[in-house]
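The block underneath contains the structure these notes are about, expressed in structure tokens.
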Amino acid sequence: METTVGIETGQSRPAPTLEMVAALAGVSRATVSRVVNGSTSVAPELAQSVEQAVRALNYVPNRAARTLASRRTYTITLLVPESTSKVFADPFFATVVEGVAKYLNSTEYMLNMVTSSEADPGKTQRYLMGGNVDGVLVVSHHSGDHSWEHLNDALPIVFAGRPLLNASDSYYVEVDNEEGALAAVQRLITTGRRNIATIAGPQDMPPGVDRLAGWRSGLAAAGLDDALVEYGDFTVASGEAAMRRLLARGKPLDGLFAANDQMAAGAHAVIQEHGLRIPEDIAVVGFDDDLFATSVSPALTTVHHPISDLGEKMAHMLVELIEGRPAHRVCRLPTSLVVRDSA
């Protein structure tokens, strides 16, 4: 026998409105609007009455109305010009989002995220320049990217790391990549290594360029050869492939600096696959200090990259720009060396 279950319904209370707040506070609708939009032109005693009424009614300002009044969407986009699969495989991006969200939680701004490949950069441009967002945070940008081209003319934009093009006109937050790489090389030299290779990152990205420069300067200062260079794309697989190429050269090699921990983890596997010991035969240092650094054995000596702080500083800088407050164009964060068993 078929059974039906009745659902009891009742009238829900109407959502509190601006007019209801005005009536309870004994002021005009315009006064309430000014108070909830942060105006300082309302007398303190009236503002207090409005705030008490807002709390009593649990009134939430209408975002659409506020958008029309302020010409803001209260939305910020995090743009990552990478494939979706790469974004979700790399802990760097999740940690950046954590830092951005930490700052935005204290504001009225919401965050969305757009991944963009070179397949259709125009689609991303149309969305960002179509009045949908108030500002853009760009992470993991390449010198050949076009998805964020011309955004500076239409929107406030803050980069993670200096853009390789137009850096003097851009706002960005970065870590001192070159100094961090130099510290990594100095650690390898201190442990007695003299044939030090690197797996460098992409040379169309600031971290790839700067970390390679730091490695070179460290070797030059010690009078050591800098011929042992291979390149990867910051993934584990590229670290594995680059390490195979280094070993295939047949040159003496007793130290390795990888430009991020993922590539260092890939190199770890290949070194051990060849029957070599870490650190006895080849000492390894990475960069980032993410979960890959402690997921390998022996655990990875690495350069700590304050990724969450980077995201937080970027969000703060962007909100300052959106709201018309002065902001420094460049914020540079320090790195530190974390010594573990691999070097």
Report task. Of the conditions (1) of a type in the set (S, T, Y); (2) closer than 23 Å to E312 by Cβ; (3) more than 18 Å from the chain's Cα centre (by Cα), T191 clears all except one; give me its number. Result -> (2)
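Let's see how each residue does on (1) farther than 14 Å from I199 by Cβ; (2) of a type outside the set (F, W, Y); (3) touching a residue at least 60 places away in the same chain (Cβ under 8 Å):
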| site | (1), (2), (3) |
| --- | --- |
| A259 | no, yes, yes |
| A267 | no, yes, yes |
| I271 | no, yes, no |
| R277 | yes, yes, no |
| D281 | yes, yes, no |
| V284 | no, yes, no |
| D289 | yes, yes, no |
| A293 | yes, yes, no |
| V296 | yes, yes, no |
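Hey, among the residues in the range 267-314 that are outside any loop (DSSP other than H, G, I, E, B) and acidic (D, E), which one's surrounded by the most Cβ atoms within 10 Å (Cβ to Cβ)?
D288
Conditions (1) closer than 21 Å to A299 by Cα; (2) free of Cβ contacts under 8 Å to residues at least 60 places away in the same chain, marked per residue:
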{"position": "R216", "(1), (2)": "no, yes"}
{"position": "S238", "(1), (2)": "yes, yes"}
{"position": "A241", "(1), (2)": "yes, yes"}
{"position": "L246", "(1), (2)": "no, yes"}
{"position": "Q262", "(1), (2)": "yes, no"}
Report summary line: Screening E82, E98 for residues that are under 23 Å from M317 (Cβ atoms) and either at pLDDT below 85 or of a type in the set (A, V, I, L, M) (or both) leaves only E82
Report task. Only one of these is in a helix (DSSP H, G or I) and of a type in the set (A, V, I, L, M, F, W, C): L224, L246. Name it. Result -> L246
Report task. Could you please give the count of residues in the range 154-188 that are over 28 Å from A327 (Cβ atoms) and without any contact (Cβ under 8 Å) to a residue 60 or more places away in the chain? Result -> 2
Query raised in the report: Of the residues in the range 20-54, how many are assigned to a helix (DSSP H, G or I) and either farther than 25 Å from E323 by Cβ or of a type outside the set (G, A, S) (or both)?
Result: 22
Report task. Can you tell me which residue among A242, A160 is assigned by TED's automatic domain parsing to the domain that holds P326 and touching a Phe, Trp or Tyr at 6+ places or on another chain (Cβ under 8 Å)? Result -> A160
Query raised in the report: Just one of A264, A293 is closer than 21 Å to V229 by Cβ, assigned by TED's automatic domain parsing to the domain that holds A184 and in contact with a strand residue (DSSP E or B) (Cβ under 7 Å, 6 or more places away or on another chain); which is it?
Result: A264
Query raised in the report: Looking at the range 23-46, which of its residues are surrounded by 19 or more Cβ atoms within 10 Å (Cβ to Cβ) and over 39 Å from the mean Cα position of the chain (by Cα)?
Result: A25, V27, T31
**Report entry** Residue list for the range 155-202, restricted to those being surrounded by fewer than 24 Cβ atoms within 10 Å (Cβ to Cβ), part of a helix (DSSP H, G or I) and of a type outside the set (G, A, S)
**Finding:** D169, E178, E179, L182, Q186, R187, I189, T190
Report task. Please verify whether the range 209-232 includes one or more residues that are closer than 25 Å to N166 by Cα, surrounded by 20 or more Cβ atoms within 10 Å (Cβ to Cβ), acidic (D, E) and assigned by TED's automatic domain parsing to the domain that holds D261. Result -> yes
Report task. Please tell me if S85 is in a helix (DSSP H, G or I) and surrounded by fewer than 14 Cβ atoms within 10 Å (Cβ to Cβ). Result -> yes
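The values are calculated or read from the model by the stated rules, or taken from the named source; none is laboratory data. Since the structure is predicted, the reported quantities are computational estimates derived from the model, not experimental observations. Cβ: placed from backbone, ideal geometry, glycine included. Neighbour counts: every protein chain shown.
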